[in-house]
Each structure stands twice: as structure tokens, then as C-alpha cells.
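Worksheet: the structure to be examined is printed underneath.
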Amino acid sequence: MRETLVALADLTRAHFFFVWPLLFCSGLALAFENYGGFSWELVGRAALIGLFGFEAGFVLNDYVDREYDRRDVNGSLTRYWRPFGKRPIPAGKLSPRAAFAVFLLLAGLAAALAATLPSPHNLYVLGIMGYSYLVEYFYQTKKRDQTLPVAQVIGRTDFALFPVAGYLVYGSPDATALLFFLFFYPWTLAHLGANDIADVVNDRARGMVTVPRLTFGLTGSAPEDPTPLLYGMKGAAVWVLGFSVVHAVMALVFGLTLGPVTLAGFAAGLALLGMANYLILRGKSPEAAMRALPLMHATVIVYAAAIIAGAFL
């Protein structure tokens, strides 16, 4: 039993569990502010939708990549993302069939809760859920063979839509929902670049065309040739910086519509993001990206807390 629980904790990245309901409910808080009203029951329901829905995406990620993950040669990022430091399917701690059953369970729970929302909000949330799981599958498979960053650009729309789905639990598609997406989407691409830099050794072993292996037309380079990787690291660092700058601009635009409390929180988040970029640009290495990732992840918590605080203060 203990081994199964450990495997499930690693499969779902359990130590990050609190982030997903917080981010999802930041969207809901904005909807309460814009449309009036408040309900603790709806907050609890939304928190569970966000938790189960996002965790299902993690499990789907592992299931789709189960054979490629067997090729990993560096466990640094795995130890960061997973509380017990293992990929449970390749490690033989959990069968693919069991992992897929966990995905169906979590996704089913999220969908069942979303279906209880009044129409058309249930359709909004269920639509984003279905789209996100399809896009996650597309991202995991497309990055195995591409010459342009199609997997990255399309694939991260699922994460960018996640807090928007929280908004649509109570709100409607409007300018705020669009601004939330445009604010968060560049961050998801910057984060993806940093994550790929940190995991570049494994991505080369898997043959994945991720950001460091894609930039400057260096796809298809032999894993044993270190020269293309050097240029790819520089390009990946520029990728992270470029999308961080776009994100900063949109943070200002979005923050100005939300008020001084949220804008101050955004400034704090951008300071953390700036430090992360400094580490990556200075080091241009997996080790530098590993040091930067906690700062980037902290920005999400700061942003969500700032949006919630701004909505109620």
C-alpha cells in the first residue's frame, strides 16, 4: 500500500497540489468581482475542479510519454517535480493501465463537478477541459518530430487557459477573460523554455525536439555532438527572456485594469521572474535553469494571491 501511495504521489506531483486550486480560483475571484456575488460552496467546487483537472493532466503526460521516459539519464528535474523522485511508470511502480485508470478517475471527477455548474458555465469549463487534454496529447507527441515550435506554441495554450476556465466557472467570455489569457500565455512559454533547458540532457536522450534543441534550426543534431547544444542553450535563454518581456508588458496592461493591490503583486512576481531570467542568461545551463525554476513557480503563487487579494480588498 505504501509503495502505491508513493507512486501516486510522484505521478501527480503531489507536493505542488495547492498551486492548482489557487490559480484556478484566482480566475473565479475575478469573476466574483466583475459579476457580483460570492459563494464558499462554489469556491470549494471550483477548487476541486482545478485540483482534479490539473492532476489528471499530469497523469496523462506521464502515460503518453511512458516509453520515452525510460531513456532518462539525469534525474534532477524528476526529483524536483516529484516528492519521492521517481517516474513511477518507467520505474515499474505503477503499470500503464493503472496510470490511465488514475487519469480517467481524476478527469472524470473534474468533469462531473464541472457538469454541476449552471449552463452555460458548465459547457465553458468542460470545453476547455476537453481541449486541454487533447492539446496535452498533441504536445507530447508532436515534440518528437518537428522543425518549428508548433508543439510548444499550441501545447501551452492548455496551461494558459487553466485560470481562464476558473473565471468561466462564474463569469462569461469577456475582455477580462481575454486579458487573463494574454497575460498568462507568454509566461507559460517562458516557463516551458526554462523547464526544457533544465531537462535538455534527457530530451536529447529521448530524441525530443524541445526549445534548446529547436532554436536556430538545430533540430536533428546527433545527441553525442555537444556543439549544437551550446547554440541551442543561447537560443533557449533568449526564448525565455523574450516571452518574459512580452509577459511583463501584458502584466502591466492587465494589472492596470485590476487595481493597485494586484498591480503591486504583479510587480513582485515580475521581480522574481527577472531574477530567474538573470540566472538562466548568466549560466545558460541545465543547472542554472534548475535554480531558476523555483523562482518562476513562485511567480504563479504571487500572481494568484495578488489577483485574489485585489478582488476582495
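Here is a list: ALA107, ALA98, ALA7, ALA115. Which entry is more than 30 Å from ALA175 (Cα to Cα) and either open to solvent by 10 Å² or more (accessible area, probe 1.4 Å) or of a type in the set (Phe, Trp, Tyr) (or both)? Reasoning before the result, please.
Values: ALA107 fails: more than 30 Å from ALA175 (Cα to Cα); ALA7 fails: either open to solvent by 10 Å² or more (accessible area, probe 1.4 Å) or of a type in the set (Phe, Trp, Tyr) (or both); ALA115 fails: more than 30 Å from ALA175 (Cα to Cα).
Exactly one of ALA107, ALA98, ALA7, ALA115 is more than 30 Å from ALA175 (Cα to Cα) and either open to solvent by 10 Å² or more (accessible area, probe 1.4 Å) or of a type in the set (Phe, Trp, Tyr) (or both), namely ALA98.
Have a look at ILE280, ILE301, ILE308 and point out the one that is at pLDDT 95 or above, closer than 20 Å to SER76 by Cα, of a type in the set (A, V, I, L, M, F, W, C) and part of a helix (DSSP H, G or I). Even if it seems obvious, please write down each step before you answer.
Values: ILE301 fails: closer than 20 Å to SER76 by Cα; ILE308 fails: closer than 20 Å to SER76 by Cα.
Of ILE280, ILE301, ILE308, the one residue that is at pLDDT 95 or above, closer than 20 Å to SER76 by Cα, of a type in the set (A, V, I, L, M, F, W, C) and part of a helix (DSSP H, G or I) is ILE280.
So which residues in the range 17-38 are open to solvent by 30 Å² or more (accessible area, probe 1.4 Å) and within 15 Å of the chain's Cα centre (by Cα), if there are any at all?
Result: PHE17, PHE18, LEU22.
Of all residues in the range 201-213, how many are buried (at least 24 other Cβ atoms within 10 Å of the Cβ), outside any loop (DSSP other than H, G, I, E, B) and either of a type in the set (Gly, Ala, Ser) or touching a residue at least 40 places away in the same chain (Cβ under 8 Å) (or both)?
Counting residues in the range 201-213 that are buried (at least 24 other Cβ atoms within 10 Å of the Cβ), outside any loop (DSSP other than H, G, I, E, B) and either of a type in the set (Gly, Ala, Ser) or touching a residue at least 40 places away in the same chain (Cβ under 8 Å) (or both) gives 1.
Mind listing whichever residues of the range 92-144 are of a type in the set (S, T, N, Q) and part of a helix (DSSP H, G or I)?
So in the range 92-144, the residues of a type in the set (S, T, N, Q) come out as 95, 116, 119, 122, 132, 140-141.
Matches in the range 92-144: ASN122, SER132, GLN140, THR141.
Looking at the range 39-86 only, could you name the residues that are within 15 Å of the chain's Cα centre (by Cα) and among the aliphatic types (A, V, I, L, M)? Lay out the reasoning, then the answer.
If we filter the range 39-86 for residues that are within 15 Å of the chain's Cα centre (by Cα), which is where we start, we get 50-62, 77, 80-82.
Within the range 39-86, LEU51, ALA56, VAL59, LEU60, LEU77 meet the criteria.
Looking at the structure I just gave you, is VAL169 of a type in the set (Val, Ile, Thr) and buried (at least 19 other Cβ atoms within 10 Å of the Cβ)? Before the answer, list the steps.
Values: of a type in the set (Val, Ile, Thr): yes; buried (at least 19 other Cβ atoms within 10 Å of the Cβ): yes.
Here the answer is yes, as VAL169 does meet what is asked.
ARG144: basic (Lys, Arg), at pLDDT 95 or above and within 29 Å of PRO212 (Cα to Cα), yes or no?
Values: basic (Lys, Arg): yes; at pLDDT 95 or above: no; within 29 Å of PRO212 (Cα to Cα): yes.
Judged against the criteria, ARG144 is not a match.
Check the range 39-60 and report whether any residue there is assigned to a loop (DSSP other than H, G, I, E, B), at pLDDT 95 or above and surrounded by fewer than 21 Cβ atoms within 10 Å (Cβ to Cβ). Lay out the reasoning, then the answer.
Initially, the range 39-60 is screened for residues assigned to a loop (DSSP other than H, G, I, E, B), giving 39.
Keeping just the survivors that are at pLDDT 95 or above gives 39.
Then drop every residue that is not surrounded by fewer than 21 Cβ atoms within 10 Å (Cβ to Cβ), which leaves 39.
Scanning the range 39-60 turns up at least one residue that is assigned to a loop (DSSP other than H, G, I, E, B), at pLDDT 95 or above and surrounded by fewer than 21 Cβ atoms within 10 Å (Cβ to Cβ).
Based on what the data block shows, is PHE84 part of a loop (DSSP other than H, G, I, E, B), in contact (Cβ under 8 Å) with a residue 12 or more places away in the chain and open to solvent by 30 Å² or more (accessible area, probe 1.4 Å)?
Values: part of a loop (DSSP other than H, G, I, E, B): yes; in contact (Cβ under 8 Å) with a residue 12 or more places away in the chain: yes; open to solvent by 30 Å² or more (accessible area, probe 1.4 Å): yes.
Against the criterion (part of a loop (DSSP other than H, G, I, E, B), in contact (Cβ under 8 Å) with a residue 12 or more places away in the chain and open to solvent by 30 Å² or more (accessible area, probe 1.4 Å)), PHE84 qualifies.
The values are calculated or read from the model by the stated rules, or taken from the named source; none is laboratory data. Since the structure is predicted, the reported quantities are computational estimates derived from the model, not experimental observations. Methodologically, a virtual Cβ is constructed for each residue, glycine included, from the backbone with ideal geometry; neighbour enumeration extends over all protein chains shown. Heads up: the accessible areas ignore ligands, DNA and RNA and are worked out on the full protein's heavy atoms, side chains in. Shrake-Rupley method; radii C 1.70, N 1.55, O 1.52, S 1.80 Å.
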